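Encoded as structure tokens, the structure appears first; notes follow it.
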Amino acid sequence: MLENYEINISTLAIIPVDQKISKVIEEENTYLVHKNTTQIIDSSCKYFGSSYNGRHEGTKNLIGVNYKSPIVIEETNEIIFFPTSSPRFKDCYWLSLKNIKNYQKTDNFSKIIFNNEEELEINISYASLKNQILRSTMLESVLRKHKNIII
């Protein structure tokens with residue numbers, strides 16, 4: 001079990017196991033981390049120079065979203081993660097926008113297909129998942145526009 005983990009371009013999902021442990025799925029590996037999902041998001045934001053609260057405020061200012069906000073973990077590689085529910089809930093997954101190839105509606109869940117063809121079924125309605133992906137894509141688009149203005 002890892003004590004610390006920084007999100008990177010290979011990170012696909014962060015899944016709660018219990019209140020103090022998360023499962024991190026990467027393209028090639030899966031890890032158990034001795035932190036909850038929000039702690040991993042926050043420490044990764046701090047690793048790249050901000051904090052979860054700072055990134056949350058940034059999302060609010062850029063696209064006006066304050067609830068279940070997508071979070072920019074790192075700008076240069078456009079690493080954006082979004083929650084499947086309120087981060088206050090213990091069953092909140094965090095998913096990487098950039099690593100999602102497709103998503104589908106299943107009987108009771110939604111299925112995520114990642115770029116490496118790995119599949120993950122999650123307890124979220126298809127409409128809610130689609131909305132979270134659209135919000136995240138909107139954030140990504142605004143970031144890209146800001147990058148082009150700066151360059």
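Each reported figure results from applying straightforward, stated rules to the coordinates on display, with no laboratory input. This structure is a prediction, so every number in the text was calculated from the model and none was measured. So basically every Cβ, Gly included, is an ideal-geometry build from the backbone, and we count neighbours across all protein chains shown.
Apply 1/(1 + (r/R0)^6) to the Cβ-Cβ distance of Lys46 and Met138, taking R0 = 25 Å, and write down the FRET efficiency to the nearest 0.05.
After rounding, the FRET efficiency stands at 0.50.
Please give the charge dipole size of the range 22-91, origin at the Cα centre, charges +1 on K and R Cβ atoms and -1 on D and E Cβ atoms. Round to the nearest 20 debye.
Values: 8 positive and 9 negative charges, 92 e Å.
That gives the range 22-91 a dipole magnitude of about 440 debye.
Between rounded, prolate and oblate, where does the range 1-47 land on the alpha carbon gyration tensor, with a ≥ b ≥ c its root eigenvalues, rounded for a/c under 1.5, else prolate if a/b exceeds b/c? Intermediate values should be presented prior to the final figure.
On the way: a/c = 1.69, a/b = 1.09, b/c = 1.55.
Note, shape of the range 1-47 comes out oblate.
Which of the three applies to the range 8-78, rounded, prolate or oblate, going by the alpha-carbon gyration tensor with a ≥ b ≥ c and a/c under 1.5 meaning rounded? All intermediate terms of the calculation are to be shown ahead of the outcome.
Values: a/c = 2.05, a/b = 1.56, b/c = 1.32.
In terms of gyration-tensor shape, prolate.
Treating the range 26-151 as a set of equal point scatterers at the Cα positions, no solvent, please give the Debye-formula log₁₀ I(q)/I(0) at q = 0.14 Å⁻¹.
-0.62
In debye to the nearest 20, how big a dipole does the chain give about its Cα centre with +1 on each Lys and Arg Cβ and -1 on each Asp and Glu Cβ?
I would put it at about 660 debye.
Before rounding to the nearest 500, sum -39500 (n - 2.57) across all DSSP H runs of length at least 4 in the chain and divide by the residue total; then give [θ] at 222 nm in deg cm²/dmol. Don't skip to the end; give the middle numbers.
Values: 3 runs with 48 residues, N = 151.
One gets -10500 deg cm²/dmol as the mean residue ellipticity at 222 nm.
Going through the cross-link list Lys35/Lys111; Lys35/Lys90; Lys35/Lys98; Lys20/Lys90; Lys101/Lys130, which pairs have a Cα-Cα distance over 18 Å in this structure?
Values: Lys35/Lys111 25 Å; Lys35/Lys90 12 Å; Lys35/Lys98 23 Å; Lys20/Lys90 10 Å; Lys101/Lys130 13 Å.
Violating the 18 Å Cα-Cα cut-off are Lys35/Lys111; Lys35/Lys98.
Using 1/(1 + (r/R0)^6) with R0 = 22 angstrom and r between the beta carbons of Ile21 and Phe89, what's the FRET efficiency to the nearest 0.05?
Values: r = 16 Å, r/R0 = 0.73.
Plugging the Cβ-Cβ distance into 1/(1 + (r/R0)^6) gives 0.85.
Using θ = phi - 60° and the Karplus form 6.51 cos²θ - 1.76 cosθ + 1.60, what ³J(HN,Hα) does each residue of the range 102-112 get, whole Hz, x for Gly and Pro?
In residue order, the calculated couplings are 7, 8, 9, 8, 10, 3, 10, 9, 10, 10, 9 Hz.
Can you sort Arg55, Arg144 by how many other beta carbons sit within 10 Å, fewest first?
Values: Arg55 24, Arg144 11.
Lowest to highest Cβ neighbour count: Arg144, Arg55.
Once you have the Cα-Cα distance between Leu32 and Glu75, take 0.36 nm times their residue separation minus that, and quote the gain in nm to one decimal.
The Leu32-Glu75 span can extend by a further 12.9 nm.
With a ≥ b ≥ c taken as the square roots of the eigenvalues of the C-alpha gyration tensor of the range 77-132, please select rounded if a/c is under 1.5 and otherwise prolate if a/b is larger than b/c or oblate if it is not? Write out the running numbers ahead of the final one.
Numbers: a/c = 1.79, a/b = 1.06, b/c = 1.69.
Oblate is the answer for the range 77-132, as a/c is 1.5 or above yet b/c matches or exceeds a/b.
For Lys105, Lys35, which order do you get if you count the other beta carbons within 10 Å of each Cβ and list the fewest first? Display every interim value, and only then the final one.
Values: Lys105 13, Lys35 19.
In increasing order of surrounding Cβ atoms, one gets Lys105, Lys35.
Going by how many other Cβ atoms sit within 10 Å of their own, how do Phe109, Phe89, Phe81 line up, fewest first? Let's see the in-between values first.
Details: Phe109 16, Phe89 11, Phe81 26.
Least to most surrounded, the residues fall as Phe89, Phe109, Phe81.
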